[in-house]
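Working notes, structure below.
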Amino acid sequence: MSALLRLLPVLLWLAACAPITAQPGRSAALYLAGPAPDVVLLSVSGRCGPPCLAPRDNWDYLTSRGTVDAVADEIAAAGLSVQVAAYASNAAVEFESLQVQAPQRGFGALLADFEQIQKGWLAGPNPPRIVLLGHSQGVTWLHYLTRLYPEVPFALQIDLDGICTAWRADHTAGIRGLPAPQGGLPTALSACDSLSVPGAPLLTRGSLSLKDVVWPNVAADLEVQSKRLPARTNGSGLLINYLFDLSRNARLDGSAAGIQTYLSAREDHSAVSYPGSDAVGWVRGQLRVMAREWKAQGLREQPAIPATPAPAAAPATSPLGGPETTPAAP
């Protein structure tokens, strides 16, 4: 028995290294050659947990966990057609993740898909509404996407505990391989830089990380933050949360117009991303109301986008004022 106990840590480590079997989603996949659906749902998962090597081993766990389907279900329940596409936290178009030993699509693929959506469906007479769903680093990629396309209206952005941890360490090399942004915009390396925002907390020296800024072309934002303090869980996650989003999202003028924030009192950074979590349950409740309103509106008229100049970015900082380097796990 004592020999078995000595071997237990090794066995647990080997089990952790075993490839994960990814589960496919059941929602209709994005099909750009066909007619536009009522809603397009684009999701980006976050950073994988140890012993994986990020960003090489990052993968699309939001689909595998059923979270993408849970969000799509609320849209479909309102009588709207929806197509989904999901991506991993990696700058590459496509890569192999040893975590799941299956091809994964990264931000490069999202950019290519979105270019087609913009030039095709969004330029047509009946454009789809665009809904974004991100967790952890996935939130950061999607906030950068909305900044990259200021002329495109986004109906809803869903942020599940957005994190900038290890952003530059993970993605500097990959981002350099992406096409240069148009219009003089900075590359995705800047996605975690800080921006002076009126009313930002003194803790962050009057600035917010760009992953906390909701851009003017985003009509509504549902933000989830995981628990701050040790608390009993609801069946999943850790008693002590090792990583969480500290700053509430805000508009460029410091307001919370169109933004709702939910603090999950008993779920850690990973737990908020599961479809049965309190956090996703709250998101589904808010989305249910929105989707019914979209259905009642009939024609998919896109809201006007106010012209709001962005202030200059300040040096990148973490929510605590220092560099963000702590490894993250989904």
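Where a number appears in this text, it was derived from the coordinates with a stated rule and is not lab data. Bear in mind the structure is a predicted one, so any value in this text is a computation, not a measurement. Quick reminder, even Gly has a Cβ in these numbers, built from the backbone with ideal geometry, and neighbours come from all protein chains shown.
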Along the charge dipole of segment 22-314, which of Gly106, Ala256, Leu156 sits closest to the positive end, that is, farthest toward it, with unit charges on the beta carbon of Lys, Arg, Asp and Glu (+1, +1, -1, -1)? Ala256
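How much net charge surrounds Gly79 when only the other residues with a Cβ under 10 Å from the Cβ of Gly79 are counted, with Lys and Arg +1 and Asp and Glu -1?
My count for the surroundings of Gly79 gives +1.
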Tensor-based shape of segment 141-186 (alpha-carbon gyration tensor, a/c under 1.5 rounded, otherwise prolate or oblate): oblate
First measure r as the distance between the Cβ atoms of Ala33 and Lys295, then evaluate 1/(1 + (r/R0)^6) with R0 = 35 Å and state the FRET efficiency to the nearest 0.05. 0.85
Check Thr261: other-chain or 5+ apart residues with amide H under 5 Å from its amide H, H built from backbone geometry? Glu223
Work out from phi, with θ = phi - 60° and the Karplus expression 6.51 cos²θ - 1.76 cosθ + 1.60, the ³J(HN,Hα) of each residue of segment 116-123, listed in order in whole Hz, and give x for Gly and Pro. 5, 4, 5, 6, x, 4, 5, 8
At 7 Å along the Cα-to-beta-carbon direction for both Ala123 and Leu263, put a label point, then send me their distance in nm to one decimal. 4.7
Reachable lysines from Lys227, criterion Cα separation under 20 angstrom, eight or more residues apart if same chain: Lys211
Amide H partners (placed H, <5 Å) of Asn58, local residues excluded: Cys48
Which ³J(HN,Hα) values in Hz, rounded to whole numbers, follow from the phi angles of segment 186-196 under the Karplus curve 6.51 cos²θ - 1.76 cosθ + 1.60, where θ = phi - 60° and Gly and Pro get x? x, 6, 5, 4, 7, 5, 10, 5, 9, 9, 5
Does segment 115-204 come out rounded, prolate or oblate, given a ≥ b ≥ c as the square roots of the eigenvalues of its C-alpha gyration tensor, rounded meaning a/c under 1.5 and, failing that, prolate meaning a/b above b/c? prolate
Rounded to whole Å, give me the distance from the Cα center of segment 162-183 to that of segment 81-115. 15
Checked segment 40-196 with the C-alpha gyration tensor, a ≥ b ≥ c its square-rooted eigenvalues, rounded below a/c of 1.5, otherwise prolate if a/b is larger than b/c and oblate if not; verdict oblate
Give me P(r) over segment 22-314, computed from all C-alpha to C-alpha distances, binned every 10 Å, as integer percentages. 6, 30, 39, 22, 3, 0
Where does segment 64-153 land on the Kirkwood hydrodynamic radius, alpha-carbon pairs, in angstrom? 14.5
